[in-house]
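Worksheet: the structure to be examined is printed underneath.
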Amino acid sequence: MNKYLLAFAALTLAACAGTGNINDDKVFFAFDSAAITDESREELERQSLYMKRNPDINVVLEGHCDERGSTEYNLALGALRAGNAAHVLIADGIEPKRIKTISYGKERPQYPGTGEEVWALNRNSTTKVVTE
């Protein structure tokens with residue numbers, strides 16, 4: 001039992017310390033929305049902590065959408081999603097020059113298939129770490 005408690009404590013400390021890599025981390029959005037939820041804000045603040053502890057990395061925030069709607073609409077919505085995620089990082093103290101955004105709209109689905117479960121996964125902003 002004691003070794004399980006120690007293992008749990010070590011995992012908890014690692015998570016709190018922000019030691020995990022943030023590459024490919026995602027925040028998700030509701031249908032037809034670019035609003036940052038409380039859960040997404042917490043995730044982005046965790047990513048911000050990682051970036052503060054790793055000042056040599058920059059990120060690209062990729063805005064993604066599900067397959068519904070026009071190409072133009074989804075490119076704009078993806079841009080809003082990535083931009084709103086960037087605003088959270090910037091408000092938390094990350095220098096804007098360390099963040100780039102791009103929208104893939106519905107043109108680059110991350111999860112194949114159709115239906116609400118897949119659509120919900122594809123409505124996201126994905127963080128990509130770059131070391132430039």
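Observations on the structure shown:
- Check on GLY83, of a type in the set (Gly, Ala, Ser), in a helix (DSSP H, G or I) and touching a Cys at 6+ places or on another chain (Cβ under 7 Å): no
- When residues of segment 70-92 are limited to those that are more than 12 Å from ARG123 (Cβ to Cβ) and open to solvent by 60 Å² or more (accessible area, probe 1.4 Å), the one nearest to the chain's Cα centre (by Cα): HIS87
- Residue count, segment 36-51 (criterion: surrounded by 20 or more Cβ atoms within 10 Å (Cβ to Cβ), of a type outside the set (Ser, Thr, Tyr) and within 13 Å of HIS87 (Cα to Cα)): 2
- Options GLU95, GLU107, GLU117, GLU67; residue that is open to solvent by 20 Å² or more (accessible area, probe 1.4 Å), more than 15 Å from ASN23 (Cα to Cα), touching a Lys or Arg at 6+ places or on another chain (Cβ under 8 Å) and not polar (S, T, N, Q): GLU67
- Residue pairs whose Cβ atoms lie under 6 Å apart, sitting 6 or more positions apart in sequence or on different chains, and linking a residue in segment 92-104 that is under 27 Å from SER70 (Cα atoms) to a partner that is among the acidic types (Asp, Glu) and surrounded by 11 or more Cβ atoms within 10 Å (Cβ to Cβ), are ILE102/GLU62; TYR104/GLU62.
- Test set (1) crowded, with 18+ Cβ neighbours inside 10 Å; (2) in a strand (DSSP E or B) - ILE22 fails condition number: (2)
The values are calculated or read from the model by the stated rules, or taken from the named source; none is laboratory data. A quick note: this is a predicted structure, and the numbers were derived from the prediction, not measured. Ideal geometry is used to build each Cβ from the backbone, glycine not excepted, and the neighbour counts take in all protein chains shown. Ligands, DNA and RNA are stripped out before the accessible areas are found, and what is left, the full protein with its side chains, is counted by its heavy atoms. Shrake-Rupley method; radii C 1.70, N 1.55, O 1.52, S 1.80 Å.
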